[in-house]
1. Take the residues of the stretch 13-46 that are closer than 22 Å to residue 98 by Cα, among the β-branched types (Val, Ile, Thr) and not in a loop (DSSP other than H, G, I, E, B): which is farthest from the chain's Cα centre (by Cα)?
2. So, in the stretch 79-135, of the ones that are surrounded by fewer than 19 Cβ atoms within 10 Å (Cβ to Cβ) and of a type in the set (Phe, Trp, Tyr), which residue ends up farthest from the chain's Cα centre (by Cα)?
3. Quick check on my filter: what residues within the stretch 120-138 are more than 12 Å from residue 79 (Cα to Cα) and in contact with a Leu (Cβ under 6 Å, 6 or more places away or on another chain)?
4. So, residue 71, is that one on the phi > 0 side of the Ramachandran plot and among the charged types (D, E, K, R) or not?
5. How about the stretch 33-52: which of its residues are within 21 Å of residue 78 (Cα to Cα) and either surrounded by 15 or more Cβ atoms within 10 Å (Cβ to Cβ) or in contact with a Leu (Cβ under 8 Å, 6 or more places away or on another chain) (or both)?
6. Any chance you could count how many residues in the stretch 136-148 are β-branched (Val, Ile, Thr), under 13 Å from the mean Cα position of the chain (by Cα) and more than 11 Å from residue 61 (Cβ to Cβ)?
7. Could you please give the count of residues in the stretch 72-117 that are among the charged types (D, E, K, R), under 16 Å from residue 60 (Cα atoms) and in contact (Cβ under 8 Å) with a residue 40 or more places away in the chain?
8. At least 3 residues that are over 21 Å from residue 16 (Cα atoms) in each: list the helices (runs of 4 or more DSSP H) lying fully within the stretch 47-148 that qualify.
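The values are calculated or read from the model by the stated rules, or taken from the named source; none is laboratory data. For clarity, every value in this text was computed on a predicted model and none was experimentally measured. Please note: Cβ atoms are built from the backbone with ideal geometry, for glycine as well, and neighbour counts cover all protein chains shown.
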Amino acid sequence: MFFPNKTKANGENGSEIKTEKINPGSFYYNFKRLGEKIRTILYILPEKKVSYKLRLLEKRVSEVNYVTEKKMYGHVETSTGRLSFYAGDIVENIENSKITTLKSEIKSNFEAYAVFLEKSRDRFPANTSNWLLVQQDIDALRINASKL
C-alpha cells in the first residue's frame, strides 16, 4: 500500500507520494477533514478502518510536505500534530483489535514515510522550531514502527 498514488512528490529514496489537491490553508480543507472523520466512523471492520487510516496518514505526510515546501509556517505545527496522531492511532487500533495481517506492511510504510519526511525537515535550519516539529514526526513514525 506504500504510496499507491503516483502524483509525484519525490523523496530522496526515490519514493513517491500523492500530492493532495486540498491542503491546509485552503477554504475546503475543513470540509475535507470532516468527510474523512465521517468515513472513519463508517468503517466497522478493524482491518478496513486501519487501512483507511493508513491512507489518511499518507495524506498527512503529503500535507506536511506541502506546508514545508510552500513555507506555510503557521500550518506546520497542526499538520505535524495530525501526522503524529494518525501514526499512534493506527498502532493503537492494531494492538486493540489484534490485527496481524497488516503489521509488516504498515511498519515498512512508517519507515518509508520517516525517510520521506527528512527532506521536509531539512527545509528548515537545524534545531529551529519547525525543524523540531518535523523531526518529532520522523521520531514518532520510527517509534511506532518499532511497536509493530
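1. 41
2. Applying the filter and picking the extreme gives 131.
3. 138
4. Yes; evaluated as a whole, the condition is true for this residue.
5. 33, 36, 40, 52
6. Of all residues in the stretch 136-148, those β-branched (Val, Ile, Thr) come to 138, 143.
Checking the rest, the ones that are also under 13 Å from the mean Cα position of the chain (by Cα) come to 138.
Those left that are additionally more than 11 Å from residue 61 (Cβ to Cβ): none.
Number satisfying all stated conditions: 0.
7. Of all residues in the stretch 72-117, those among the charged types (D, E, K, R) come to 77, 82, 89, 92, 95, 98, 103, 105, 107, 111.
So of that shortlist, the ones also under 16 Å from residue 60 (Cα atoms) come out as 77, 82, 89, 111.
Retained after the next criterion (residues that are in contact (Cβ under 8 Å) with a residue 40 or more places away in the chain): 77.
Residues that pass the stated criteria total 1.
8. Details: elements: 73-97, 103-121, 129-146.
Qualifying helices (runs of 4 or more DSSP H): 73-97, 129-146.
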